[in-house]
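Each reported figure results from applying straightforward, stated rules to the coordinates on display, with no laboratory input. Note that the coordinates shown come from a computational prediction; the quantities given were computed from them, not determined experimentally. Don't worry about glycine lacking a Cβ; one is built from the backbone with ideal geometry, like all the others, and counts go over all protein chains shown.
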Amino acid sequence: MPRVFVAPVSFGLGDLVVSLPAIQALITEGGPVWLVARSPAQRLLAGRITGLAGVVDEAGLECGPGERLIDLRDHPLQRDYWWGSAAFEAEWGPMDINQILQLICRDFGVKADFSRPLPLEATRRPELDGTVLLVHETDGAHKGWPADRWAALAAGLRADGYDVARVTKGEGAPPPDASGVPALVAPTPGLAVDALSSCHAVVGIDTGLTHVAVQQGTPTVAICRRSSVYVRPWPHCAALRGEDCTRECVAAETSYAYNQVVSLRDFRPAPRRCPSGQPCLAGAQPEDALRLLRGLL
């Protein structure tokens with residue numbers, strides 16, 4: 001049978017995770033489905049997608065006769081808007097990523113199910129049953145929460161009787177962290193999947209590993225900006241949202257936006273930092289995160 005190639009909405013780990021319903025729906029149809037990996041992290045996660053026939057880097061993609069490419073970036077809803085921007089909200093309202101991708105999948109003829117997550121393959125780690133994992137590392141320097149708030153959240157979780165650890169990437173012993181929370185090293189996305197599937201709950205910044213936890217059905221609180229579209233509205237997850245961004249932040253975001261670029265094979269946006277010091281998250285307090293998590297457990 002001819003292969004079907006599926007390219008996720010962008011190059012981040014979380015971009016692949018939120019695109020999984022489309023990939024999984026095509027796998028269910030029975031043909032050989034190949035992931036078009038837009039980054040090394042996506043390639044490393046591909047082995048955890050049940051039924052996936054293979055993976056190819058976007059730079060090496062060549063469709064043969066009769067083969068099909070479904071590029072989730074190649075749609076007007078993606079090309080014409082930067083999701084979460086004022087222009088997007090004015091046109092579409094406060095949509096979440098599931099609603100956005102459901103419309104895109106409909107137009108591609110993909111019968112994706114966004115009603116519940118289908119987990120990635122994972123190996124259980126029973127020693128993490130009573131542990132709440134914190135995800136505060138992110139590739140986006142514009143995202144973040146101060147170390148003192150992570151420390152206060154950890155103290156509250158310990159008072160509730162949980163062990164607490166922070167998920168960190170890389171190899172070997174990580175350097176001490178200002179939050180004082182011990183590290184759980186997950187050097188590959190697959191090992192992170194195992195940990196995030198096995199723990200009691202997760203609190204994390206709006207980033208790839210937090211989206212993995214949600215995909216695995218783990219009770220998860222995501223800390224994000226007010227306009228973030230990436231929180232999926234399932235019963236086991238909640239969002240601790242900040243306030244509106246400053247005009248400087250909006251201008252920086254507009255300059256950064258690359259939604260009109262469809263193929264990412266030769267594209268990487270420049271790193272960005274919040275020009276205002278992230279005041280949008282100033283009102284998000286540890287006690288709010290703890291309250292939301294208690295409501296999920």
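Of Leu191, Ala257, Val18, which is farthest on the positive side of the dipole of the chain, counting Cα position, with +1 on Lys and Arg Cβ, -1 on Asp and Glu Cβ, and the Cα centre as origin?
Leu191
So I have (i) 6, 24, 33, 19, 10, 5, 2, 1, 0, 0; (ii) 6, 24, 28, 22, 14, 6, 1; (iii) 6, 28, 36, 23, 7, 1, 0, and one of them is P(r) over Cα pairs in 10 Å bins from 0, in percent calculated from this model. Which one is it?
(iii)
Just want to confirm a number: the relative contact order over segment 4-108, from Cα pairs under 8 angstrom separated by 6+ residues, in percent.
Relative CO of segment 4-108 lands at 30 percent.
Quick check for me: using +1 on Lys/Arg Cβ and -1 on Asp/Glu Cβ, what's the dipole size of segment 4-108 about its Cα centre, in debye to the nearest 20?
The dipole magnitude comes to about 280 debye.
Let's see if you can work this out: charge +1 on each Lys and Arg Cβ, -1 on each Asp and Glu Cβ, no other charges. What is the dipole magnitude of the chain about its Cα centre, in debye to the nearest 20? List each step's numbers first, then the result.
Working: 28 positive and 33 negative charges, 25 e Å.
Dipole of the chain, to the nearest 20 debye: 120 debye.
Report the charge-dipole magnitude of segment 252-297 in Debye, nearest 20, computed about the Cα centre from +1 at each Lys and Arg Cβ and -1 at each Asp and Glu Cβ. Could the numbers behind the result be given before it?
Details: 6 positive and 4 negative charges, 28 e Å.
Using Cβ point charges on Lys, Arg, Asp and Glu, segment 252-297 gives about 140 debye.
Compute the distance in nm between two label points, each set 7 Å from the Cα along the Cα-to-Cβ direction, one at Gln99 and one at Leu69.
The two pseudo-label positions are separated by 3.1 nm.
What does the helix-only formula give at 222 nm for the chain: each DSSP H stretch with n ≥ 4 adding -39500 (n - 2.57), the total divided by the residues, and the result rounded to the nearest 500 deg cm²/dmol?
Calculated from helices alone, the mean residue ellipticity at 222 nm is -9500 deg cm²/dmol.
How do Ile49, Ile223 rank when sorted from fewest to most other Cβ atoms within 10 Å of their own Cβ?
Working: Ile49 19, Ile223 28.
Ordered by Cβ neighbours within 10 Å, fewest first: Ile49, Ile223.
Output the relative contact order of segment 22-61, whole-number percent, from Cα pairs under 8 angstrom with separation of 6+ residues.
43
Expressed as a rounded percentage, what relative contact order does the chain have, with Cα pairs under 8 Å and six or more residues apart? Walk me through the intermediate numbers first.
Working: 555 pairs, mean separation 58.8, N = 297.
With pairs under 8 Å counted, the relative contact order is 20 percent.
How far is the Cα center of segment 210-287 from the Cα center of segment 76-105, in Å?
Taking the Cα centre of segment 76-105 as reference, the centre of segment 210-287 is 14 Å away.
Quick one: if you stick a label point 7 Å off each Cα along the C-beta vector at Glu121 and Tyr258, how many nm between them?
3.1
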